[in-house]
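Student: Below you'll find the structure I mean.
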Amino acid sequence: MKQKLELQTTTLWDYPSQQHREEDEDSHKYYTGATPTYIIWNLLMRYTKAKDLVLDPMAGSGTTIDVAREIGRRALGYDINPIALKRRDIFKSDARTLPVEDEKIDFVFIDPPYSDHIKYSNEPNCIGKLNALENEYYEAMESVIKEAHRTMKKDRYMALYVSDSYEKDYPFMPIGFKLFGLLEKYFLPVDIVSVKRYNKNLNKGHWKTAAIEHNYFLRGFNYLFIMYKESDKTIVQTNEGTRVNLADRRI
Ligand SMILES: C[S@@+](CC[C@H](N)C(=O)[O-])C[C@H]1O[C@@H](n2cnc3c(N)ncnc32)[C@H](O)[C@@H]1O
């Protein structure tokens, strides 16, 4: 029996299972890197309404579109390698150039590759081939963020879920901080959430021993950056100049 889903109320999100539905429990066995369903559920419950159109431009196994449809939202999923799971409702596209009109989408969720640890596919444009020690990764991710902004309606929200990265003998990669900086170029920050990770590897004896022996830390949390695309109403002209007033937001 799964633990009941409840809205998370602090900026530390914790739910001790990858999936909130029994039928999804095995999904991580055939797809590496699926997003925990309760994260999407929490975001959509707070930041969308019935029939809203939700977009995941890096849909992977389709967690976002499945949870969205389960709670009565419409959903669009794209991926550079949509054939991974032979799903017909995830379409092939590069997240940097989506076949979506301007200002169509009510909510965007992005769980991108975090550097090049996981081999997602042989697709040449897979961002998972780019190492986050190189600028090319951030240039690619800025294009993804910009495209999300273009496709979103004003007065709407988006979220990006990401982890920092550490590889032995290389400098630490603060991917979260860097992507947050890029997000802020296009969106207003709503909040930064720390999501507790339940990766089984974190409990493996040799992983723990290596972290102590080589003096580094295993990734205990992911960032969840929640951002807002301003509307014309939120920018208020005053005698002192412009300021942001969020009182009239849709949600
Ligand atoms: C962390 S996974 C997404 C997991 C997904 N949220 C789920 O629950 O299954 C990252 C995805 O980004 C996709 N991807 C990588 N580069 C891409 C690109 N340029 N455009 C679209 N998708 C891309 C990969 O194929 C992979 O499926």
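The values are calculated or read from the model by the stated rules, or taken from the named source; none is laboratory data. Computed from a prediction, not measured in an experiment: that's the story for all the values here. Virtual Cβ from ideal backbone geometry, glycine too; neighbours counted across all protein chains shown. Note: areas computed on protein heavy atoms with side chains; ligands, DNA, RNA excluded. Shrake-Rupley method; radii C 1.70, N 1.55, O 1.52, S 1.80 Å.
Student: Given a 10 angstrom Cα cut-off, can you work out which residue in R96, R46, R197 is the most mobile in a GNM of the chain?
Tutor: R46
Student: Let me ask you something else. Amide H to amide H, which residues 5 or more places from I105 or on other chains are under 5 Å from it, using H placed in the peptide plane?
Tutor: M152, K153
Student: Still on this structure: Which whole-number value in Å² is the accessible area per residue of the chain, probe 1.4 Å?
Tutor: Averaged over the residues of the chain, the accessible area is 53 Å².
Student: With a cut-off of 16 Å, note down the residues of the range 148-174 whose backbone N falls inside the zone around a label point 7 Å from the Cα of K233 toward its beta carbon.
Tutor: 153-157
Student: Shifting gears a bit: Give the aspartates and glutamates reachable from K119 as a straight Cα distance under 17 Å; neighbours fewer than 8 places away on the same chain don't count.
Tutor: Partners found: D79, D94, D111, E167.
Student: Divide by every residue of the chain the summed helix terms, -39500 (n - 2.57) for each DSSP H run of at least 4, and state the resulting mean residue ellipticity at 222 nm, rounded to the nearest 500 deg cm²/dmol.
Tutor: Taken over the chain, the calculation gives -7000 deg cm²/dmol.
Student: Show T242, T11 ordered by accessible area, largest first, where the area counts protein heavy atoms only and the probe is 1.4 Å. Mind dumping the intermediate values first?
Tutor: Values: T242 90, T11 70 Å².
From most accessible down to least: T242, T11.
Student: How large is ³J(HN,Hα) for each residue in the range 121-128, as worked out from phi by the Karplus curve 6.51 cos²θ - 1.76 cosθ + 1.60 (θ = phi - 60°), to whole Hz, x for Gly and Pro?
Tutor: After applying 6.51 cos²θ - 1.76 cosθ + 1.60, I find 6, 8, 4, x, 8, 6, 5, x Hz.
Student: Quick check for me: using +1 on Lys/Arg Cβ and -1 on Asp/Glu Cβ, what's the dipole size of the chain about its Cα centre, in debye to the nearest 20?
Tutor: Using only the charged Cβ atoms, the result is roughly 540 debye.
Student: Using a 1.4 angstrom probe on the protein heavy atoms only, could you order W207, W41, W13 from most to least accessible area?
Tutor: W207, W41, W13
Student: Anything over 25 Å Cα to Cα? Flag those among K154/K185; K104/K146; K51/K229; K51/K196; K86/K200, in the order listed.
Tutor: With Cα atoms farther than 25 Å apart: K51/K196; K86/K200.
Student: Moving to a separate point now. Please give, to one decimal in nm, the separation of the simple spin-label points placed at K4 and Y166, each 7 Å out from Cα toward the Cβ.
Tutor: In this crude spin-label approximation the distance works out to 3.8 nm.
Student: Of I192, I39, I65, which is the most mobile in a GNM of the chain whose springs link Cα atoms less than 10 angstrom apart?
Tutor: Maximum fluctuation in the GNM of the chain, among the listed residues, is at I192.
Student: Another question, then. Counting only protein heavy atoms, what percent of the accessible surface of the range 90-155 is carbon or sulfur at a 1.4 Å probe?
Tutor: Values: 1400 of 3090 Å².
Heavy-atom surface of the range 90-155 belonging to carbon and sulfur, 1.4 Å probe: 45 percent.
Student: Give me the one-decimal nm value for the distance between modelled label points at K51 and I251, 7 Å along each residue's Cα-to-Cβ direction.
Tutor: The modelled label-to-label distance comes out at 1.6 nm.
Student: Rounded to the nearest 0.05, what FRET efficiency do I83 and E240 have when you use their Cβ-Cβ distance and R0 = 41 Å?
Tutor: 0.15
Student: Taking 7 Å along the Cα-to-C-beta vector as the label spot, tell me the R197-R74 distance in nanometres, rounded to one decimal.
Tutor: With each label point 7 Å from Cα toward Cβ, the separation is 3.7 nm.
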